[in-house]
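Each reported figure results from applying straightforward, stated rules to the coordinates on display, with no laboratory input. In this text the structure is predicted, and so the values were computed from the model without any measurement. With ideal geometry, Cβ positions are generated from the backbone for all residues, glycine too; neighbour counts draw on all protein chains shown.
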């Protein structure tokens, strides 16, 4: 009986994440699912499971900020490319770009450092936020 209860709550959490266009904190997710009787511990446990399974991406939008989670969708190869996070809106972007390989090769050859794309995040401002600020 307990297993089906966890499965139902896990499904609620995943379905909610799928509806979001951007990232969410665990606290925000708890608040959103409070009426569904999903406990804080269950939210945290399922977020960690979903992150370990590669269904969601866990990241910090800024130094000292709470961790955010974003549904990955069809991007099951997140470990193969770096990511970008907008410091204004907090959205996570997949940087699946051929130019990154040249940068990675340069860093490896000239600096003796191998990038781990699964943990590489570039921080900056996305095009949408730049447009809102009137910056090209």
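Once fully extended, how much extra length lies between residue 103 and residue 123, figured as 0.36 nm per residue of separation less the alpha-carbon to alpha-carbon distance? Working shown, then result.
Values: separation 20, 0.36 × 20 = 7.20 nm, distance 1.64 nm.
My answer for the length gained is 5.6 nm.
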Between helix 2-19 and the chain: long-axis angle, C-alpha atoms, 0 to 90°, nearest 10 = 40 degrees
How would you order 35-44, 98-107, 9-18 from highest to lowest mean count of nearby Cβ atoms within 10 Å?
-> 9-18, 35-44, 98-107
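How do 85-96, 113-124 rank on mean C-beta neighbours within 10 Å, highest first?
My ranking of the peptides, most packed first, is 85-96, 113-124.
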Helix-only CD estimate at 222 nm, as mean residue ellipticity for the chain, using -39500 (n - 2.57) per DSSP H run (n ≥ 4) | -13000 deg cm²/dmol
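Write down the percent of antiparallel bridges among all DSSP beta bridges whose residues are both part of the range 39-136, to the nearest 5. Please report the intermediate quantities before stating the final value.
Details: 7 of 11 bridges.
For the range 39-136, the DSSP antiparallel bridge percentage is about 65.
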